[in-house]
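A short worksheet on the structure shown next.
Coordinate-derived values only; no laboratory data. This is a predicted model, so every value here is computed, not measured. Reconstructed Cβ throughout: ideal geometry from the backbone, glycine too, with neighbour counts over all protein chains shown.
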2 protein chains.
Amino acid sequence: MNRMLNGMRVVEGSAFVAVPLAGMTLAQMGAEVIRFDRIEGGLDAGRWPLAPSGQSLFWAGLNKGKKSIAVDMRSPEGQALVTRIITASGKDAGMFLTNLRVRGWMDHETLSQHRRDLIMVTLMGDRQGRPQVDYTVNPALGIPDMTGPEGHDAPVAAALPAWDLIAGNMVVSSLLAAERHRLRHGEGQEVEIALKDVAAATIGHLGMIGDAVVNGPERTKAGNALYGAYGQDFICACGRRVMVIGLTGRQWAGLVKATGSGEAMEALARQSGRDLRDEGVRWDLRHEITAILRPWFAARRVEDFAEEFETRGLTWSVFRSVKQALREDPDLSEANPMFSMLDQPGLGRFPVPGHPGAFSARPRIRPEPAPALGQHTEEILGDVARLSDTEIAQLFDKGVVQSPRHAARSAA
Amino acid sequence: MNRMLNGMRVVEGSAFVAVPLAGMTLAQMGAEVIRFDRIEGGLDAGRWPLAPSGQSLFWAGLNKGKKSIAVDMRSPEGQALVTRIITASGKDAGMFLTNLRVRGWMDHETLSQHRRDLIMVTLMGDRQGRPQVDYTVNPALGIPDMTGPEGHDAPVAAALPAWDLIAGNMVVSSLLAAERHRLRHGEGQEVEIALKDVAAATIGHLGMIGDAVVNGPERTKAGNALYGAYGQDFICACGRRVMVIGLTGRQWAGLVKATGSGEAMEALARQSGRDLRDEGVRWDLRHEITAILRPWFAARRVEDFAEEFETRGLTWSVFRSVKQALREDPDLSEANPMFSMLDQPGLGRFPVPGHPGAFSARPRIRPEPAPALGQHTEEILGDVARLSDTEIAQLFDKGVVQSPRHAARSAA
């Protein structure tokens, strides 16, 4: 097969964003990813947004291209079966991702007795294993406190589960690093990552911890301004809002030139005695700069300056809702090779993304739909767990496993 | 050496968040990472936040544990030198990360003539190579439109450059996937990733694109509520704000029990004719639920219920600023093995994070400070570019390279 991670097999026992995203990212790079769930579906089976059918668009989005097996994990047979699938043989298998943190039969100590070189990546809430989600980690570490309109008194949480998304990608790189180690040293291992630690490390990396320790004032809300340099949103004559960036010297010079505001900026520099070529000065004087630029944007429709901004290579964008973006932006359509229009039963037809990376050594992998719950149960029991037809039939009869076909047959 | 990515050498030509974060993540897993910069420092050399000394806490945060070489890249000698460093021999070398996208001498086609199996990961703004930053990608794709207080009319941008952070982590996993491929097939490649594609793919994965296509109403701002289930912030009697989560059935039942609101919730269910065990119903009725819970929190200080919430395993958190978090939360101190207190010249003393992953096969790597600009120039010229002492002296004399020691000598 012609895929980047061809041959790799990863088993995933998961729910919600981070670990499902990790498994899907590997699947979209070409790995075989098996997600196991309870017979009734995982904790995220009904996560919003939903399609009009009631099926989860969220679940479908985060489990694309995986194989699904549905198992009764309360039963000893179910536990033995999941163990067998996680620890099945294969040079590039024996990799397990989870955020379920089941102690006993599904922990690393027990599983690695069945396969010594097992690689297991466990995502926890916090480092003590207490439950945390993106929505609790974020306020605990101060981001909502610095988000929102200037002067707004309440913290503003994000609509995007950024920590989950970062953690999920870190699960991917940790797994690949651990596999690299196994290839060289023949040694498996457990990698533990806490969602809260991902967030704590990241705010440290961005300098926010140092800032809070060595500087006096707390970083405050600054609306939609780009922190520490210049970047601001403006409402145009057409009613559309745009974001313009003057972070680097070149971006700043381009913005000043395109808006013909050179003289006014020089006057501001003289008046304030400060040099606007210094990004921190642009931050300090952002309100004055914005006051100069505001009438320029207020007097123009986006279409009046869009082409010139593009030609000059300015860094800028219009604001859009997701619906607007879908209507206006070809990057969210099949004009972008990352997207394929898929018709998904129970969900509808819309552009579905593959992996954002274009790997020159292999053709792009088209995105594949998410499986139905238990869709690959029989296949996995045969090909991975290597059970006989008789054994498989017994597991179905006992209700240890389920598949849509079998469910339909039982209901009939 | 006893490190996860031991032996790997990565060269980085970068600025700002994503690619520096990628290189640093690899360094914190044990790779040797060489960042090259202009003699005067990269575009991000003065990025905020700054320490009182004027040095960048941001730069120090995103370049920890790297080696730094300062080169005049306008000169042909400087370009030849950087080429030599990127394409230097070594089985686990020949890996290059960049977001600078310099056409000609520094593109993949040219560089790979010097090392056929070069792996190069390039992060672009958008897929056409136009400039985009987190602050423009985010409004273009609709996140600020769904962020902020309910009913607030303007879009609210995030204080966290989430797309940069996600893209940076994706650069890491793409590099590791490409190295895996090279180990198996002996083949290098270029991986191109656009920041905007990372964002577009992610909103697709989360179901937001499907939602916008198949459902009528646009997703609107919902303040600090957890989208699609129950999660809300409350102000307590002590003035502190808390976030409580009722996403899973267990979390919801725990929250209802801990707040003694079972009867009121049953009454709400009867009155509305809806089943609160359904997460979507909790979302639809979130205002009614919040009205029930609000007096409970308003009548209690955080200390009155914190212990019971912990004992019951509820998913919750207090809101904090970063300064508050540093004072109150041991997870941001050396009590957390991820953090080390470092004294950094020109910056100060504060807790500095290492990689969030705990890899059982290797001891945790303590974080190392960022280098001074050009700190490793001589070492890299000798050990990596394999130049003679005479050649190195000539490069310094001509001003093709710089180091802090040499700069001090020249100034003396």
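Taking 0.36 nm per residue of sequence separation and removing the Cα-Cα distance, the B:Glu310/B:Ala393 pair yields an extension gain of 23.6 nm. With its label point put 7 Å out from Cα toward Cβ, A:Ser53 sits 6.1 nm from the same residue's point in the other copies, in order from shortest.
With 29 Å as the limit on Cα-Cα distance, the pairs of B:Lys67/B:Lys91; A:Lys221/B:Lys221; A:Lys91/B:Lys67; A:Lys64/B:Lys67; A:Lys67/B:Lys257 that go past it are A:Lys91/B:Lys67; A:Lys64/B:Lys67; A:Lys67/B:Lys257. By its C-alpha gyration tensor, with a ≥ b ≥ c as the square roots of the eigenvalues, how is segment A:319-412 shaped: rounded for a/c under 1.5, else prolate for a/b larger than b/c, else oblate? Here segment A:319-412 falls in the oblate category.
If I take R0 = 35 Å and measure r between the Cβ atoms of A:Ser75 and B:Asn215 in this structure, what FRET efficiency does the formula 1/(1 + (r/R0)^6) give, to the nearest 0.05? E(calc), rounded to 0.05, equals 0.35. Phi angles across segment B:28-38 convert, under the Karplus curve 6.51 cos²θ - 1.76 cosθ + 1.60 with θ = phi - 60°, into 3J(HN,Hα) values of 6, 9, x, 6, 8, 10, 10, 9, 9, 9, 5 Hz, Gly and Pro given as x. Each peptide in B:205-216, B:150-161 receives the mean, over its residues, of other Cβ atoms within 10 Å, and ordering these scores from highest gives B:205-216, B:150-161. What separates the B:Pro363 label point from its copies, with the point 7 Å along Cα to Cβ, is 5.0 nm, written shortest first.
The angle between the Cα long axis of helix B:162-185 and the longest principal axis of the Cα atoms of chain B comes to about 50 degrees, rounded to the nearest 10.
Of the residues A:Ile119, A:Gly41, A:Gly254, the one whose Cα sits farthest toward the positive end of the charge dipole of the protein assembly as shown, with +1 on the Cβ of Lys and Arg and -1 on the Cβ of Asp and Glu, is A:Ile119. The residues A:Trp283, B:Trp252, when put in order of fewest to most other Cβ atoms within 10 Å, stand as A:Trp283, B:Trp252.
Overall form of the protein assembly as shown: oblate. Here a/c, set by the Cα gyration tensor axes a ≥ b ≥ c, is 1.5 or more, and a/b is not larger than b/c. Peptide B:149-158 is shielded by partner chain Cβ atoms: per residue, an average of 6 of them sit within 10 Å of its Cβ. Placing a label point 7 Å from the Cα of B:Glu288 along the Cα-to-Cβ direction, the distances to the matching points in the other copies come to 5.5 nm, shortest first.
Largest mean-square fluctuation among B:Leu50, B:Leu26, B:Leu100, in a Gaussian network model of chain B whose springs join Cα atoms under 10 Å apart, belongs to B:Leu50. With R₀ set to 41 Å, the beta-carbon distance separating A:Ile235 from A:Met341 gives a calculated FRET efficiency near 0.75.
Here the 3J(HN,Hα) profile of segment A:65-81, calculated from phi with Karplus coefficients 6.51, -1.76 and 1.60 at θ = phi - 60°, is x, 8, 9, 10, 10, 10, 9, 7, 8, 6, 7, x, 5, x, 5, 5, 5 Hz, Gly and Pro shown as x.
Peptide A:16-26 shows a mean partner chain C-beta count of 2 within 10 Å per residue C-beta. Counting only alpha carbon atoms, the long axis of helix A:389-398 and the longest principal axis of chain A meet at about 70°. Dipole check for segment B:129-188: with +1 at the C-beta of Lys and Arg, -1 at the C-beta of Asp and Glu, and the Cα centre as origin, the magnitude is about 480 Debye.
Magnitude of the charge dipole for the protein assembly as shown, about its Cα centre and with charges confined to Cβ atoms of Lys, Arg (+1) and Asp, Glu (-1), is about 580 debye.
Residues whose amide H comes within less than 5 Å of that of B:Leu342, counting only those at least five positions distant or on another chain, are B:Phe350, B:Val352 (H built at 1.01 Å from N in the peptide plane). Between the amide H of B:Met120 and those of B:Phe96, B:Gln189, B:Glu190, B:Val191, distances stay under 5 Å, these residues lying 5 or more places away or on another chain, with hydrogens modeled in the peptide plane. For the residues A:Gln394, A:Gln189, A:Gln79, a GNM of chain A with alpha-carbon springs under 10 Å puts the largest fluctuation on A:Gln394.
Couplings for segment B:261-270, taken from phi via the Karplus curve 6.51 cos²θ - 1.76 cosθ + 1.60 with θ = phi - 60°, read 9, x, 5, 5, 5, 4, 5, 4, 5, 4 Hz in order; Gly and Pro are left as x. Each of B:His114, A:His181 was scored by other Cβ atoms within 10 Å of its Cβ. Arranged with the fewest first, they read B:His114, A:His181. Per-residue Cβ neighbour counts within 10 Å put B:Phe309, B:Phe339 in the sequence B:Phe309, B:Phe339, beginning with the fewest. Once backbone amide H atoms are built at 1.01 Å from N, B:Leu50 has B:Leu57 as its partners under 5 Å, excluding neighbours fewer than 5 places away on the same chain.
Taking 11 Å as the cut-off, the amide N atoms of segment B:28-58 that come nearer than this to a point 7 Å along the Cα-to-beta-carbon line of B:Ala407 belong to B:38-42.
Computed about its Cα centre, the charge dipole of segment B:241-318 is approximately 120 debye, with only Lys, Arg, Asp and Glu carrying charge at their Cβ.
Counting only alpha carbon atoms, the long axis of helix A:249-258 and the longest principal axis of chain A meet at about 60°.
Inter-label distance, B:Ala291 to B:Gln128: 5.1 nm, where each label sits 7 Å from its Cα along the C-beta direction.
Remark: mean inter-chain Cβ contacts per residue of A:273-280 equal 2, using a 10 Å Cβ-Cβ cutoff to other protein chain atoms.
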